[in-house]
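Student: Submitted below is the structure of interest, expressed as structure tokens.
Derivation of every value follows stated rules applied to the coordinates shown; laboratory data play no part. Since the structure is predicted, the reported quantities are computational estimates derived from the model, not experimental observations. Methodologically, a virtual Cβ is constructed for each residue, glycine included, from the backbone with ideal geometry; neighbour enumeration extends over all protein chains shown.
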Amino acid sequence: MKPADGTETGARALTGQVGAFTEPLPHGRGSDQSHDRKGGVAGLSRRELFDLAGPGLFLCFGVDWLAAQEPARLPARQGYPTDLNAYLRIAPDGRVTCFAGKVELGQGAMTVLAQILAEELDVAYDQVDMVLGDTGLCPYDMGTFGSMNVRFFGPALRGAGAEARTILLQMAGEQLHAPVARLQVKGGLVTDPATPGKSVTYGQLVQGKPIQLRHLQAAPVKPVGGYTVVGHAAPRKDALDKVTGKAKYAGDFTLPGLLHARLVRPPAHGAKFQDADTSAAEKAGARVIRDGGFIAVLHDRPDLADRALGLVKARFERPGPTMDDKTIFDHLLKTAPPLRDAGSSGDLAEGEKTSAAIVEQTYLNSYVAHAPMEPHSATATVENGKATVWASTQTPFSLRQQVAQAIGLAPEHVRIITPYVGGGFGGKSSGGQAIEAARLAKATGKPVQVVWSRAEEFFYDTFRPAAVVKIRSGLTSAGKIAFWDYKVYGAGEREAKPYYDIPHQRTLSAGGWQGGNPPGMNLSAVGPWRAPSVNTNTFARESHMDALAAKAGMDPLEFRLKNLSDARMRRVLEAVAKQFGWKAAKTPSGRGAGVACGIYSDAYTATMAEVAVDPKTGHVQVKRVVSALDVGLVINPDGLRQQMEGCIAMGLGYALTEEVHFKDGEVLDRNFDSYQIPRFSWMPRVETILIDNPGMAAVGGGEPPIITVGAVIANAIYDAAGVRLRQLPMTPARVLEALKKG
Amino acid sequence: MERTISFTLNGKPASVKGEDDRMLLWVLRSDLGLTGTKFGCGEGLCGACTVIVNREAVRSCSVPVKDVAGKQVMTIEGLGQSGLHTIQAAFVKHHAFQCGYCTPGMILNAYALLLKTPKPTPGQITKHMEDNLCRCGAHTRIVDAIAEAAGAGRGGVR
Ligand code: FES
Ligand code: FES
């Protein structure tokens, strides 16, 4: 449905929609052929392709062939190859293989990139096969994170597709003896309407060879208005693999002689290895590799390797007492580096003078784990001076460097293949498991698989950093924000600076997920966690905005709009309010309704939620969430909605239950019993609104809607119960405590 | 104890030799080469390893292989062998997955539900699926897909 205001609304809920599903499904219509096609190029399997190309060499490229060509003038491809053949290959049967260094984490990269290429090339979406994250076949890419697929790689792929289409049409014109301007192309078939019956396909034109580059005056990309594939829902490319169990993840590769490795791990961060007795493991039939504290037991059965690991007696010296999940916040304030300015203007003292009221508060959030369902996994072979590693990673190209360095090979002799990845969320940017597998494959001369246990997954996770935010702010008697003094410790400065109209403001930041943290500041390595920094900063800012609204005696939406001239933000807020049916009221109104908004990587989002708070247990049930998102041009509306729904579901976790428990370097959470992630019964009714903004180039949508979830729930709890939770997660215990204090 | 265990796997006889207290998950994945069954937690907490044993959903990471001797075991590879099963088709239609790692377990757990309760209410679906974890947040689509499959099956799964 498309209301007149240019927004589009989709509703998903656990209840109330069942009646609609009465049509029988076509049963038994499998499409087995398409499984076989995956990764195939011109009828070759990936394995054959690799043999043909060799690691490091691009598929079928004679270097001479490349040198003989002068590079054509090309649309900008920032940081990506200029040769269009790095991105695509057309087989004689017309099937197009698209090569991209991005990986499929579940976010739908495979689908969206196929849509982009099909659009520019004028082939059918179904004609495109994707090869992703294979350093032996795909153009270099810095990694799949930060919602950058469509934002940065998208334009490069568009440009390559447009250039290919331009050259192919010239070739077709020559073959059909027709002026290019007269030609029409659909599904890779070029026809000349002036001479019916005459046609040639892309497949026939290039015969499975690279496209010979030409000097082009221009290779225009399609205007957005001419899109037929982009902007429409497309069936996910990975669907059949994933529902049939055929989808292969890094731990699903089996090679002759494969050994499964389990490694001896320290009991706590900071523990020092002393010695180990591995004799019992060896007696039980496991192979043992030792290199100082790097000790692995290997067996041809993964569970028996695990049993053997249990027989190893290792001694570690534990670190002295440091901090735990309760003292971490004081610890952060003590150990953080000096605050740095992340955006200031006006004069805070002046702002204080014009303030009728001051609101000063501190907001906290704990470490949060990525906890993808697929643990870090890798399968490696090292043979004849060449390594191949199948790895669950978000950064195959930097992993190639790391593996090469770890086993003493040149990077061009290392090939990282990224199969399907079972969730990343920023946590698969470090490739420890792949390095371990490669080292062990080299040491044993056999293929080796390393799959981290759930406990290892928690222990080695690069957590979302714990953080403290302190805000001091003032209100004028007219309900305007007079000044804003913001300090964030530990999380990082992204989107910390407010977008509200504030004459006097200062934003300071110390440390963060990107680094710059002194040793000992954090429990262990911290890193990017879906929308890094921004969950923390949005929680603090939007909670505080609510507190200011309450202080001013104003409706929280009205208060925001009163202090906001950013047109895009006003638009998402107004769209979400309309769908939600927001009724202006002073908080707490008892209804349990909340609002929050934010910006992430040039995407604008606003969220409203309705919650119920159980006064006896402190349990918070989120009943309804409405989320609006403006990412500019929408490439795949249903794909975007999937990401929004996923963000809201995942956001419930950091809002309500997720925090890493630890003490003196030991991570106390080892599995999903103590570390609770969202479940079916937690799911609210979710309604998603896509803001129509095709005039702006697409930016990523896989992260933005998660940033508001903490604040929108905190604000809804305040509206329901009159208590403000300033620490994430808002566990039942914390809610009860707040209720008790009143 | 070292011995040979025989059972029916996806409609065909199967047997494995070895310690009979090894967990079914690992026997399926490494001895029998069926990698559609996933490891997520190893302690019965996530449901990624769900398979069907004698028409019940079980967590194969926590079931010793000796417990399935003589029984009927079905994995995701055994579902819809002659084309997509109704539940699979509904998962495709609703895009009821993202990374897909939880999906085989989700589908088989839903299969067990529909065997017992051919026309579940949304509440029954939620309750039955509660302990299968999905980190990508495909929950609402999974429920929609199961509801649709139940409707399509006209009161049951094949
Ligand atoms: S792996 Fe069996 S329940 Fe998680
Ligand atoms: S689809 Fe990724 S865990 Fe469910």
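Student: For a 32 Å ceiling on Cα separation, which of these pairs sit above it: A:K623/A:K663; A:K663/B:K66; A:K222/B:K93; A:K583/A:K740?
Tutor: Where the Cα-Cα span goes over 32 Å, the pairs concerned are A:K623/A:K663; A:K663/B:K66.
Student: How much length is gained if the chain between A:S344 and A:K623 is pulled fully straight, taking 0.36 nm per residue apart and subtracting their Cα-Cα distance, in nm to one decimal?
Tutor: 96.6 nm
Student: Charges on Cβ only, +1 for Lys and Arg, -1 for Asp and Glu, centred on the Cα centroid of the protein assembly as shown; of A:G490, A:M323, A:N517, which one is farthest towards the dipole's positive end?
Tutor: The Cα lying farthest towards the positive end belongs to A:M323.
Student: I need the semi-axes of the equivalent ellipsoid of segment A:381-451: take the C-alpha gyration tensor, multiply each eigenvalue by 5, square-root it, list largest first in whole angstrom.
Tutor: Equivalent-ellipsoid dimensions as semi-axes: 19, 12, 10 Å.
Student: Within chain A, what percent of beta bridges assigned by DSSP are antiparallel, to the nearest 5?
Tutor: 75 percent
Student: Just add up the charged neighbours of A:Y654: K/R +1, D/E -1, any other residue whose Cβ is under 15 Å from the Cβ of A:Y654.
Tutor: Combined, the nearby Lys, Arg, Asp and Glu give -1.
Student: Along segment A:469-479, what does the Karplus equation 6.51 cos²θ - 1.76 cosθ + 1.60 (θ = phi - 60°) give for ³J(HN,Hα), rounded to whole Hz, x for Gly and Pro?
Tutor: After applying 6.51 cos²θ - 1.76 cosθ + 1.60, I find 10, 10, 10, 10, 8, x, 10, 7, 5, 8, x Hz.
Student: Within 10 Å of each Cβ of A:666-679, how many other protein chain Cβ atoms are there on average?
Tutor: If you average over the peptide's residues, the count of other-chain Cβ atoms is 3.
Student: Please report the relative contact order for chain A, taking Cα pairs under 8 Å with a sequence separation of at least 6, and give it as a percent rounded to a whole number.
Tutor: 15 percent
Student: While we're here: Testing the spin-label approximation: label points 7 Å from Cα along Cα→Cβ at B:L115 and A:S674. State their distance in nm.
Tutor: Taking the simple label geometry, B:L115 and A:S674 are separated by 3.6 nm.
Student: So, one more: Given just the C-alpha atoms of segment B:86-150, how large is their convex hull per residue in cubic angstrom?
Tutor: Given the Cα convex hull of segment B:86-150, per-residue volume reads 67 Å³.
Student: Using a Förster radius of 60 Å, what is the FRET efficiency between A:H177 and A:A233 based on their Cβ-Cβ separation? Nearest 0.05, please.
Tutor: Working from the Cβ atoms, E equals 0.90.
Student: If you add up the charges near A:D300, with Lys and Arg at +1 and Asp and Glu at -1, over every other residue whose beta carbon is less than 14 angstrom from its beta carbon, what do you get?
Tutor: +4
Student: What are the extents of the Cα atoms of segment B:2-77 along their three principal axes, in Å, largest first?
Tutor: Principal extents (Cα only, largest first): 29, 24, 20 Å.
Student: Could I ask something else about it? What ranking do A:Y675, A:Y486, A:Y140 get, fewest neighbouring Cβ atoms within 10 angstrom at the top?
Tutor: A:Y140, A:Y675, A:Y486
Student: Same structure again: Between Rg and the Kirkwood Rh of the protein assembly as shown, both from Cα atoms, what is the Rg to Rh ratio?
Tutor: 0.97
Student: Provide the FRET efficiency to the nearest 0.05 for the B:E56-A:A124 pair, computing r from the beta carbons and using R0 = 56 Å.
Tutor: 0.80
Student: Something else: What is the extension gain from A:K586 to A:V288, computed as 0.36 nm multiplied by their sequence separation minus the C-alpha to C-alpha distance, in nm to one decimal?
Tutor: The A:K586-A:V288 span can extend by a further 100.6 nm.
Student: Lys/Arg Cβ at +1, Asp/Glu Cβ at -1, dipole of segment B:19-158 taken about the Cα centre: which of B:A149, B:C102, B:V51 is farthest positive-ward?
Tutor: Checking the options against the dipole of segment B:19-158, the answer is B:A149.
Student: Just rank A:D546, A:D306, A:D126, fewest to most, by other beta-carbon atoms within 10 angstrom.
Tutor: A:D126, A:D306, A:D546
Student: Average partner chain C-beta neighbours within 10 Å, per residue of A:244-253?
Tutor: Mean shielding count: 6.
Student: Counting only other residues whose beta carbon sits under 14 Å from that of B:L133, what net charge do I get with K and R as +1, D and E as -1?
Tutor: Cβ neighbours under 14 Å give a net charge of -2.
Student: Put a dot 7 Å past each Cα toward the Cβ at A:D300 and A:D330; how far apart are the dots in nm?
Tutor: The two pseudo-label positions are separated by 5.7 nm.
Student: Moving to a separate point now. Can you tell me the order of A:712-722, A:449-459, A:207-217 when each peptide is scored by its average per-residue count of other Cβ atoms within 10 angstrom, highest first?
Tutor: Peptide ranking by packing, descending: A:712-722, A:449-459, A:207-217.
Student: Something else: Roughly how big is segment A:243-376's charge dipole about its Cα centre, with Cβ charges of +1 (Lys, Arg) and -1 (Asp, Glu), in debye to the nearest 20?
Tutor: Rounded to the nearest 20 debye, it is 820 debye.
Student: Here's something else I'd like to know. For the protein assembly as shown, what does -39500 (n - 2.57) per DSSP helix run (n ≥ 4), summed and divided by total residues, give at 222 nm, in deg cm²/dmol to the nearest 500?
Tutor: -8500 deg cm²/dmol
Student: Give A:K353/A:K578; A:K246/B:K12; A:K353/A:K741 a once-over and call out the pairs whose C-alpha atoms are over 30 Å from each other.
Tutor: A:K353/A:K578; A:K353/A:K741
Student: Stretch B:Q124-B:S82 to full length: gain in nm at 0.36 nm per residue minus the Cα-Cα span?
Tutor: Roughly 12.2 nm would be gained on extension.
Student: Relative contact order for segment B:2-77: what percent, with Cα pairs under 8 Å and sequence separation of 6 or more?
Tutor: Contact order relative to length: 37 percent.
Student: Evaluate peptide B:46-55: per residue, the Cβ atoms of other protein chains within 10 Å of its Cβ; return the mean as an integer.
Tutor: Averaged over the peptide's residues, the number is 1.
Student: With 10 Å bins from zero, work out the P(r) of segment A:564-692 over every alpha carbon pair and list the percent per bin.
Tutor: 11, 36, 31, 17, 5, 0
Student: At a Förster radius of 41 Å, what calculated FRET efficiency corresponds to the Cβ-Cβ distance of B:D67 and A:A697, to the nearest 0.05?
Tutor: 0.10
Student: Report ³J(HN,Hα) in whole Hz for each residue of segment B:64-78, in order, from the Karplus equation J = 6.51 cos²θ - 1.76 cosθ + 1.60 where θ = phi - 60°; Gly and Pro get x.
Tutor: Running phi through 6.51 cos²θ - 1.76 cosθ + 1.60 with θ = phi - 60° gives x, 4, 4, 6, 9, 3, x, 9, 9, 10, 10, 10, 4, 5, x Hz.
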